[in-house]
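Working notes, beginning with the structure itself.
The values are calculated or read from the model by the stated rules, or taken from the named source; none is laboratory data. Nothing here was measured: the structure is a model prediction, and the numbers come from that model. Methodologically, a virtual Cβ is constructed for each residue, glycine included, from the backbone with ideal geometry; neighbour enumeration extends over all protein chains shown. Accessible surface areas use protein heavy atoms only, side chains included; no ligands, DNA or RNA. Shrake-Rupley method; radii C 1.70, N 1.55, O 1.52, S 1.80 Å.
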Amino acid sequence: MSMGTEVDDYARYRGKCKEMSEALVAADSTLILVRGHYECPFWGEQPHWWTKKADGTIVDPTKKQFPSKGLGLYVEFDGTVECSNCGKAMAEDEATYESNYCFCSYECHGQFVGVF
Ligand SMILES: [Zn+2]
C-alpha cells in the first residue's frame, strides 16, 4: 500500500464518521447507529461514530481514516463523561465543556485552566 492511498483515505473519511454512519443506517434499517470512542493503537482514543448489526458485528464505514483500519477497540458511549480535572463521572448533560475537555464544576474548570 502506498502513502498516497493512506492520505486519500484520511481525506476521504476523516471527520465523516457521523455523516457516513447515519447514511448507512438510513440505507439499511437492520444496522444500529453507535456513538463512542475508537481506541486506535497508533492515535489513542478517538471520538467516533459507527454502526453495528443486531448481533453486535461492527460495520464501520470510515475505519480507513485510522492507521489501524478498524483493528482497534470500539467502545460504546454509556451516557457518562469524566471530569477532565478530577475524573468524576457524571451524566453528559451535567458537565460543562470547553474544546475537548469537560468539567464537573466551576472549580474544576478553573483549576484545570489554571485560574485558581
Ligand atoms: Zn471535577
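Using a 1.4 angstrom probe on heavy atoms only, work out the carbon and sulfur share of the accessible area of the chain in %. Write out the running numbers ahead of the final one.
Numbers: 4000 of 7520 Å².
The C+S portion of the solvent-accessible surface of the chain is 53 percent.
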Practice prompt. For the range 52-64, just list the computed ³J(HN,Hα) in residue order, Karplus coefficients 6.51, -1.76 and 1.60, θ = phi - 60°, integers in Hz, with x standing in for Gly and Pro.
Written response: 9, 7, 4, 7, x, 4, 7, 10, 10, x, 10, 4, 5
Worksheet item: Relative to the first principal axis of the alpha-carbon coordinates of the chain, what is the inclination of helix 17-27, with its axis defined by its Cα atoms, in degrees from 0 to 90 and to the nearest 10?
Response: 50
Practice prompt. Express the C-alpha Rg of the range 1-115 as a ratio against the empirical globular expectation 2.2 N^0.38 Å, rounded to two decimals.
Written response: 1.25
Worksheet, complete the sentence: Close lysine pairs (the chain; alpha-carbon distance under 14 Å; 8 or more apart or on separate chains) counted at 5
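Would you work out the charge dipole size for the chain about its Cα centre, treating the Cβ of every Lys and Arg as +1 and the Cβ of every Asp and Glu as -1, and quote it to the nearest 20 debye? Write out the running numbers ahead of the final one.
Values: 11 positive and 18 negative charges, 87 e Å.
That gives a dipole near 420 debye.
Considering Cα pairs under 8 angstrom that are at least six residues apart, work out the relative contact order of the range 7-116 and quote it in whole percent.
Numbers: 176 pairs, mean separation 22.3, N = 110.
Here the relative contact order equals 20 percent.
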Worksheet item: Ranked from the most accessible area to the least, with a 1.4 Å probe and all protein chains present, what is the order of Leu33, Leu73?
Response: Leu73, Leu33
Discussion item. Taking amide H atoms as placed 1.01 Å from N in the peptide plane, list the residues 5 or more away in sequence, or in a different chain, whose amide H sits under 5 Å from that of Gly72.
Written reply: none
